Amino acid sequence: MIRIFFYIFLGSYLSSNGQSEIEISWKTLSDVSFYEEYNEEFDFNILYPKFGASVLELEGKEVIIEGYAIPIDELGYEDILVLSAMPYSQCFFCGMAGPESVMDIKAKEKIADVRLDKKLRLKGNLKLNVKDLSQLNYILENAVLVQ
């Protein structure tokens, strides 16, 4: 009996391992649906996200995610990087992927040597964006590169 409690305690200790971040995947972030709503500013209907329960649980939490870099500094946004579930040729902007497959990255410090389609593993705080059309639906704030 004592052995069982020891294994339960050890398992729970090892699973937490003192780390507060949560490893997430793009599949997890696909727990979202979209609804159409009229936007007065743009004078047409816009698709807005309705996040599922598994995504809502991640709001504000420190997460780790891996994806492909899409630098947008040539558009004048040097402090913002986009992370995509797929390479650029297949991503939301150029391919057939949905808006749930891209994420704004707001780095704590500039991430060096970022080039198109470079695979990155990042850690930061996940923010869910429902209404701000100047940003993507997913935002990773205070992001840092994870080796």
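The values are calculated or read from the model by the stated rules, or taken from the named source; none is laboratory data. This structure is a prediction, so every number in the text was calculated from the model and none was measured. Ideal geometry is used to build each Cβ from the backbone, glycine not excepted, and the neighbour counts take in all protein chains shown.
Selection within segment 32-52: residues that are of a type outside the set (D, E, K, R) and outside any strand (DSSP E or B). The member of this set that is surrounded by the most Cβ atoms within 10 Å (Cβ to Cβ) is 52. Against the conditions (1) more than 17 Å from residue 132 (Cβ to Cβ); (2) at pLDDT 95 or above, residue 14 satisfies every one except (2). Residue pairs whose Cβ atoms lie under 7 Å apart, separated by 6 or more positions or on different chains, with the first residue in segment 80-102 and under 20 Å from residue 144 (Cβ atoms) and without any contact (Cβ under 8 Å) to a residue 24 or more places away in the chain and the second hydroxyl-bearing (Ser, Thr, Tyr) and surrounded by 16 or more Cβ atoms within 10 Å (Cβ to Cβ), are 84/68; 84/101. Among residues of segment 32-49 that are closer than 19 Å to residue 128 by Cβ, those with a Cβ under 9 angstrom from a residue that is small (Gly, Ala, Ser) and not in a strand (DSSP E or B), sequence gap 6+ or separate chain, pair up as 32/52; 32/98; 33/52; 34/98.
Quick one: would you say residue 136 is in contact (Cβ under 8 Å) with a residue 12 or more places away in the chain and assigned to a loop (DSSP other than H, G, I, E, B)? It is true that residue 136 is in contact (Cβ under 8 Å) with a residue 12 or more places away in the chain and assigned to a loop (DSSP other than H, G, I, E, B).
Being more than 16 Å from residue 84 (Cα to Cα), touching a residue at least 60 places away in the same chain (Cβ under 8 Å) and more than 16 Å from the chain's Cα centre (by Cα) is true for just one of 110, 131. Which residue is that? Don't jump to the end; show me each part of the working.
Details: 110 fails: touching a residue at least 60 places away in the same chain (Cβ under 8 Å).
Just one listed residue meets the conditions, 131.
Criterion first (within 18 Å of the chain's Cα centre (by Cα) and under 17 Å from residue 140 (Cα atoms)) does residue 50 satisfy it?
On the way: within 18 Å of the chain's Cα centre (by Cα): yes; under 17 Å from residue 140 (Cα atoms): no.
Spelling it out, it is not the case that residue 50 is within 18 Å of the chain's Cα centre (by Cα) and under 17 Å from residue 140 (Cα atoms).
The residues of segment 81-108 that are touching a helix residue (DSSP H, G or I) at 6+ places or on another chain (Cβ under 7 Å), modelled with pLDDT of 90 or more and part of a loop (DSSP other than H, G, I, E, B), listed by number, are 85, 86. Out of 107, 69, 112, 85, one residue alone is closer than 27 Å to residue 20 by Cα and loosely packed, with under 14 Cβ neighbours inside 10 Å. It is 112.
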